[in-house]
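The values are calculated or read from the model by the stated rules, or taken from the named source; none is laboratory data. Note that the coordinates shown come from a computational prediction; the quantities given were computed from them, not determined experimentally. Because the Cβ atoms are built from the backbone with ideal geometry, glycine has one as well, and the counts that use them run over all protein chains shown. We work out accessible area using only protein heavy atoms, side chains counted, and drop any ligands, DNA or RNA first. Shrake-Rupley method; radii C 1.70, N 1.55, O 1.52, S 1.80 Å.
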Amino acid sequence: MAGKATVIPPVAEKKVVVESYHDTKVEDPYQWMESSTDPKVQEWANGQNAYTRTMLDKLPGRVAIRQRVTELLTWQSPAHFGLEESGGTLFALKSQPPRQQPFLVTIGSMNDTSSERVLLDPMVVDPSGKTSIDFFVPSPDGKKVAVSLSKDGTESGDVSIYDVATGQALPNEVVPRVNGGTAGGSLAWTGDGKGYFYTRYPRGTERSAEDMNFYQQVYYHRLGTPTEKDTYALGKDFPRIAMTVLDSSKDGKHTFAMVANGDGGEFMLYLYGPSGQWQQVSRFEDKVVGARFGQDGALYLKSQKDAPRGKVLRLPLATPSLDKATVVVPEGNATLVGFQPTPGRLYIIEQLGGPSQLRMVDLKGQDLGLVPTLPVSTVGGVVSQGGDDILFANFSYVEPLAWYRYSAKEGKVTKTALAQTPPADFSDIEVIRTEATSKDGTKVPLSILKPKGVKLNGNNPTLLTGYGGFNISITPGFNKLSRAWLEQGGVIAIANLRGGSEFGEEWHANGSLTKKQNVFDDFYACAKLLVDQKYTQPKKLAIQGGSNGGLLMGAAVTQHPEMYGVVVARVGIYDMLRVEQTPNGQFNTTEYGTVKDPEQFQALHAYSPYHHVKDGTKYPPVLFTSGANDPRVDPFHSRKMVARMQAAMGGKGRIFLRAAGGGHGMGTPLSDRIEEEVDVYSFLFNELGFKYQPTKKVAGPKAK
């Protein structure tokens, strides 16, 4: 095998700790490796990094791969996302390689990119490229904008206020720790633009050190006053793992707080109105899971009560009691993702097992048909544009993100100037939608991207990815980097596993808590389909996943090591019995379960990848990545898993740790992302015995 590492990885000392969980004794030989500040842990991690770098830097084809990855990721056609309209001004985040971070712009006309003006560039704030925008919220009149900025992937964001006309920050207007990597962050302006409600984490000595990332509450900040004088609004009785999203009505007279009970998909809804009081509209058991203000004196609610695929309720703001809500859109065959009210319509994004569609109804729920969209695509970011016209984003596996305008009167869709161009022509790629059959008979959707003309002979290098959790649907997305695999004759497959929300709450529930094993069975079924239908064979099948998808990789490699040729597991969770020892792990308990519950412990212990590494097993090559500042998944998971797998193979396997700075992926500078992808693609090609053929420079359509 080319690129063989010549140095030996440092061996982690075994210091067995035995813990008891409900009469079950569990040995943990590497619990000592959980401390990131222990000099011995740091020494081991540094040695592993050196071992990994020695291997990666010698891989064949690396120079050509670097050139191609850099070309693709620095393709200069910009992408716009997060569009918001306020006071007649359009705001958006813009990604413009080779700039290291997205920046905030205002847009004068959707038909003229020269009408854009840069409002805030994080590179000006911090030339190192390590500061990023967490979120932005314009004031109701569009004259000010609140922006949360964080550093080094920590997601710990402070909010500043910027004057839209001048682009300057208002002096002495910084509110600290509005955003965080555990409970996120949010804010909503009051109608007069003189202040805002925001999510506030504990400060100073208000809580013990271990509680500083919990107990998020809602406070009110008035511009021009010190943050120390901000006033409490809501949240003293919220759960420890509450996560709140705030939003205001267009006229600023009402604000809602949607409060999540950790990551499991339960929500409470509170409403603030002209009375100056907050009142509770729904409780966890009411299953209201989303809300949008209408332009007709109503709050529209997404409900899963007796409707696992979702229904839309209309609640008059004059009588905001849930028993006064009426059903506008009943549950249908498609899964309700979200909606945007306009003066006379609701535009509804519906999920179809991965791809989505955009449906219209009037305010009584009468169906008005579909807005035309790309085949096998994702619809997002619907923005009201005066009257019943809208802007919406649409993209697919082979078409990059573009913003479209839909004219309600004409019933016509037109592409705006805010359209990304691809770095290569993807017309040579076919997208196949199929289904694998899981262990219990469940049909699992699978999207396959294949270069036209590639034969199904079992010899194609294939890259399978999945996620399966946290109510997150894996939707079609345009990935510039996929070109580097596809143009080499490779196949890409994307699985829609249980645990997501592709088919509503039932689909999510059947892949969470004690039913998590279904996710891993679904993934195995997809891998088996790719082999059975001759797309590939196990030794040419690569798998990749991150975060909860990293857990998926750990489960896949420990449950079916014979099925895969190479694994890339990014920022993943592997010790399911120690997850809740970390701050964000406690938010995860409503999704994964807790070891404190006997039944949930049994389920966690039954699949926990770290506890299912078996001595003497021949595991495929695995590259584990982690981020030192990751607020969502502690890097100790990767350290412990690498130590355990290396020991199980007696130091003879190809198990590598790439422990970097940065965080979970949010706010990663472009240059760091390029370095990581060069490493990953070089590793994948090499381990599959797949010689990388340098591409002749083929220009895509001209970048705008």
* helices (runs of 4 or more DSSP H) wholly in the range 474-546 with at least 2 residues that are in contact with a helix residue (DSSP H, G or I) (Cβ under 8 Å, 6 or more places away or on another chain) - which ones? -> 482-486, 517-532
* Go through Gly184, Gly195, Gly180, Gly235 for me and flag whichever is touching a strand residue (DSSP E or B) at 6+ places or on another chain (Cβ under 8 Å) and closer than 19 Å to Ser86 by Cα. => Gly195
* Quick one: which of Val281, Val245 is open to solvent by 50 Å² or more (accessible area, probe 1.4 Å), part of a strand (DSSP E or B) and touching a strand residue (DSSP E or B) at 6+ places or on another chain (Cβ under 7 Å)? -> Val245
* **the range 559-591, residues that are part of a helix (DSSP H, G or I) and buried (at least 24 other Cβ atoms within 10 Å of the Cβ)** => Val579, Phe587
* What are the residues in the range 37-48 that are part of a helix (DSSP H, G or I) and either surrounded by fewer than 17 Cβ atoms within 10 Å (Cβ to Cβ) or hydrophobic (A, V, I, L, M, F, W, C) (or both), if any? -> Pro39, Lys40, Val41, Gln42, Glu43, Trp44, Ala45, Asn46
* **Looking only at the range 610-640, and only at residues there that are closer than 17 Å to Gly549 by Cβ and of a type in the set (Val, Ile, Thr), the one that is nearest to the chain's Cα centre (by Cα)** => Val633
* **Failed item, numbered, when Leu391 is tested on (1) open to solvent by 40 Å² or more (accessible area, probe 1.4 Å); (2) in contact with a Leu (Cβ under 8 Å, 6 or more places away or on another chain); (3) among the hydrophobic types (A, V, I, L, M, F, W, C); (4) farther than 29 Å from Gln517 by Cα** => (1)
* To do: Looking for whichever is among the basic types (Lys, Arg) and either free of Cβ contacts under 8 Å to residues at least 12 places away in the same chain or more than 22 Å from Thr154 (Cα to Cα) (or both) here; the options are Arg177, Arg200, Arg240, Arg207. Which one fits?
  => Arg207
* To do: Please enumerate the residues belonging to the range 530-558 that are touching a residue at least 12 places away in the same chain (Cβ under 8 Å), open to solvent by 10 Å² or more (accessible area, probe 1.4 Å) and not small (Gly, Ala, Ser).
  => Val531, Gln533, Lys534, Tyr535, Gln537, Pro538, Lys539, Lys540, Gln544, Thr558
* Mind listing just one residue for me: the one in the range 98-118 that is within 21 Å of the chain's Cα centre (by Cα) and in a loop (DSSP other than H, G, I, E, B) and, of those, nearest to Asp672 (Cα to Cα)? => Gln100
* Residue that is in contact (Cβ under 8 Å) with a residue 12 or more places away in the chain, open to solvent by 10 Å² or more (accessible area, probe 1.4 Å) and under 25 Å from the mean Cα position of the chain (by Cα), where the choices are Ile448, Ile492 -> Ile492
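The rows are residues; the columns are (1) hydroxyl-bearing (Ser, Thr, Tyr); (2) surrounded by 21 or more Cβ atoms within 10 Å (Cβ to Cβ); (3) over 27 Å from Ala417 (Cβ atoms).
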site: Ala92; (1), (2), (3): no, yes, no
site: Ser95; (1), (2), (3): yes, no, no
site: Gln101; (1), (2), (3): no, yes, no
site: Asp126; (1), (2), (3): no, no, yes
site: Ala146; (1), (2), (3): no, yes, yes
* To do: Mind listing just one residue for me: the one in the range 337-357 that is in contact (Cβ under 8 Å) with a residue 40 or more places away in the chain, assigned to a strand (DSSP E or B) and open to solvent by less than 30 Å² (accessible area, probe 1.4 Å) and, of those, nearest to Tyr406 (Cα to Cα)?
  => Tyr347
* Structure fact -> So the strands (runs of 3 or more DSSP E) completely within the range 139-241 holding 1 or more residues that are more than 21 Å from Phe256 (Cα to Cα) and aliphatic (A, V, I, L, M) are 144-151, 157-163, 169-179
* For residues in the range 364-385 being not aliphatic (A, V, I, L, M) and not in a strand (DSSP E or B), which is farthest from Gly87 (Cα to Cα)? -> Pro375
* **In the range 365-388, the residues that are free of Cβ contacts under 8 Å to residues at least 60 places away in the same chain, open to solvent by less than 50 Å² (accessible area, probe 1.4 Å) and aliphatic (A, V, I, L, M)** => Val371, Leu374, Val379, Val382
* Asked: Which of the residues that make up the range 503-529 are of a type in the set (D, E, K, R), crowded, with 24+ Cβ neighbours inside 10 Å and touching a Ser or Thr at 6+ places or on another chain (Cβ under 8 Å)?
  -> Asp522
* Structure fact -> Given the conditions (1) over 28 Å from Ile390 (Cβ atoms); (2) at pLDDT below 95, every one holds for Gln279 apart from (2)
* Taking into account only those residues within the range 675-704 that are surrounded by fewer than 19 Cβ atoms within 10 Å (Cβ to Cβ) and among the β-branched types (Val, Ile, Thr), which is modelled with the highest pLDDT? -> Thr695
